[in-house]
Amino acid sequence: MKHLHPLAFGLSLVILVFAGCAKQEGCTYPEACNYDAEAVVDNGSCDFATCAGCTDPEALNYDSSATVDDGSCVYDPVPSTAECVTSVEFDSYTYPVVAVGPQCWFAENLRTTVFQDGSPIAEETVANFPNLDSPARTAYNSSSSVINTHGYLYNGIAASTSLNGGICPTGWHVPTELDWMEMESYLVVAGHGKRMGEVLKKSSGWAQGGGGTDLYGWNGGGGGHAWPDGNAHSLNWYGTYWSSTTTNAGDVMQRTLSSGSNQLQRGEYWDVIGSSVRCIAD
């Protein structure tokens, strides 16, 4: 009878021990297409693309085979009910007008140099904006080409004032917080609750291809902002839009579109920064 050499026996035992302790490798992320429920160690093989698509049965492009929603769902727009004029002339410029639900909006950012009554709105440098306590406008880096694309940046004081009739033409006003909320409510009902920014952003001109579908012709762009550090920032990355509503702390409410998000973000900011303005019908 042959006996196993002690060294060979020891090696066999080690192999058996290691085999018994081996942990199964695979994809450990439950949201991945190739998730392996028995895997203990993630081996970097997770696939998030081959099963991605629109998972909402209510969407026009619903994919019954998709198990991971990639945010691509497209919906029929709920018809707008507002009866709007096609354009409005103010301060020698003609603004196109679009309907979003029950509201009529300018389809371009404001670029007026005067108040409603014709009084001039002071033009200041971006560097001087943080020092102001009166309505003012500025051009992003003093660029006329940016004005032509994105309009002027106005401080929150200008956006929230009723001085000289305000900065929108007769029959129009800077949207209040309630105006913004009404538009948001309409977009939620229309099926765009998680993608409000996408349907408001224009398709081109955004950094890193971050444009939207511009479903309603609102033509939202990334006009940047004038910041309290005395500089202009984020051209084509962010579009910030004033409301006329002030908070108890003296800040002004606004909305933000960005190249990196499909959301319409709500916030409040110091009234000395510069942001874009859209007018809405009374």
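What the table below lists for this structure:
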item	result
GLY260 in contact with an Asp or Glu (Cβ under 9 Å, 6 or more places away or on another chain) and over 29 Å from LEU132 (Cβ atoms)	no
Residue among VAL146, VAL252, VAL189 that is surrounded by 22 or more Cβ atoms within 10 Å (Cβ to Cβ), assigned by TED's automatic domain parsing to the domain that holds THR125 and among the hydrophobic types (A, V, I, L, M, F, W, C)	VAL252
Condition broken by SER119, with the remaining ones in (1) touching a helix residue (DSSP H, G or I) at 6+ places or on another chain (Cβ under 7 Å); (2) among the hydroxyl-bearing types (Ser, Thr, Tyr); (3) crowded, with 21+ Cβ neighbours inside 10 Å satisfied	(3)
Segment 36-55, residues that are over 22 Å from GLY210 (Cα atoms) and either surrounded by 16 or more Cβ atoms within 10 Å (Cβ to Cβ) or in the same structural domain as ASN262 (by TED's automatic domain parsing) (or both)	ASP36, ALA39, CYS46, CYS51, THR55
Selection status of TYR140, aromatic (Phe, Trp, Tyr), closer than 22 Å to TRP218 by Cα and touching a Cys at 6+ places or on another chain (Cβ under 8 Å)	no
Selection count, segment 69-94, where residues are part of a strand (DSSP E or B) and either free of Cβ contacts under 8 Å to residues at least 24 places away in the same chain or surrounded by fewer than 16 Cβ atoms within 10 Å (Cβ to Cβ) (or both)	5
Residue in segment 95-112 that is crowded, with 18+ Cβ neighbours inside 10 Å, under 30 Å from SER144 (Cα atoms), aromatic (Phe, Trp, Tyr) and in contact with a helix residue (DSSP H, G or I) (Cβ under 6 Å, 6 or more places away or on another chain) present	no
Residues (surrounded by 16 or more Cβ atoms within 10 Å (Cβ to Cβ) and part of a helix (DSSP H, G or I)) located in segment 149-164	THR149, HIS150, GLY156, ILE157, ALA158, ALA159, SER160, LEU163
Count of residues meeting criterion [surrounded by 15 or more Cβ atoms within 10 Å (Cβ to Cβ) and over 30 Å from GLY26 (Cβ atoms)] in segment 56-68	1
Extreme residue, nearest to GLY205 (Cα to Cα), among residues of segment 112-148 that are hydrophobic (A, V, I, L, M, F, W, C) and in a helix (DSSP H, G or I)	VAL146
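The values are calculated or read from the model by the stated rules, or taken from the named source; none is laboratory data. Computed from a predicted structure; not experimentally measured. Backbone-built Cβ (ideal geometry, glycine too); neighbour counts: all protein chains shown.
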